[in-house]
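Q: Input: one structure, supplied below.
The values are calculated or read from the model by the stated rules, or taken from the named source; none is laboratory data. What you are looking at is a predicted structure, and each value in this text was computed from that prediction instead of being measured. No Cβ is skipped: glycine too gets one built from the backbone with ideal geometry, and neighbour counts run over all protein chains shown.
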Amino acid sequence: MYVCECAIKRPQCAFVRQNNPLYVRAFDEDEDLSFHYIAHIALDIVEEKVKLSKDDVYLGFLGPVEDFRVYGYVTNTLVKFIVVVQDTPVKDSEMRVFFSEIHKLYVNAMSNPFAILGERITSEKFDKKVYNLVLQHNHMLDGSR
């Protein structure tokens, strides 16, 4: 699942399971195509980090790609969350909180008896919650600078 591009400004997000996108959200339509490209590049990095770090679900900063910074998170069921942010420094603690909140939204969405594990998330309610979470984090980051 790819989840976000933010800085956290306008994050692009993706959730992926077995390298199949479950949810993709670009918050800047002009960057949508490049986001997909960056997310696929990040999957290779995530695979390497998962092998090295079996204890922590937060993979942290995966690296810079073009004008963006890429962050990763993997659940214990191997759903990968990728967040691509504008090339602006974001505190590690802020990204941990963001991923934790995204993870909670994902768990709630999958707890729906009509949700099908491994299928794309098409819920408008879920999408709205992700959008609101990104707005909340952007507002918080703007206030802390």
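Q: What helices (runs of 4 or more DSSP H) lie completely within the stretch 28-145 and have 2 or more residues being under 16 Å from R17 (Cβ atoms) and out of contact with any Ser or Thr (no Cβ under 8 Å at 6 or more places or on another chain)? Break it down stepwise before answering.
A: Working: elements: 32-52, 92-110, 124-143.
Correct list: 32-52, 92-110.
Q: Can you pull out every residue in the stretch 1-27 that is modelled with pLDDT of 65 or more and either of a type in the set (D, E, K, R) or assigned to a strand (DSSP E or B) (or both)? Show your work before the answer.
A: Let us first name the residues in the stretch 1-27 that are modelled with pLDDT of 65 or more, namely 13-27.
Answer for the stretch 1-27, where residues must be modelled with pLDDT of 65 or more and either of a type in the set (D, E, K, R) or assigned to a strand (DSSP E or B) (or both): C13, A14, F15, V16, R17, N20, P21, L22, Y23, V24, R25, A26.
Q: Continuing with the same structure: Quick check on the stretch 36-49: of everything there that is without any contact (Cβ under 8 Å) to a residue 40 or more places away in the chain and closer than 21 Å to V97 by Cβ, which residue is surrounded by the most Cβ atoms within 10 Å (Cβ to Cβ)?
A: Checking each candidate, the answer is V46.
Q: I'm checking my understanding of the structure. Among residues of the stretch 96-145 that are closer than 20 Å to T75 by Cα and of a type in the set (F, W, Y), which one is surrounded by the most Cβ atoms within 10 Å (Cβ to Cβ)?
A: By that ranking, first place goes to F98.
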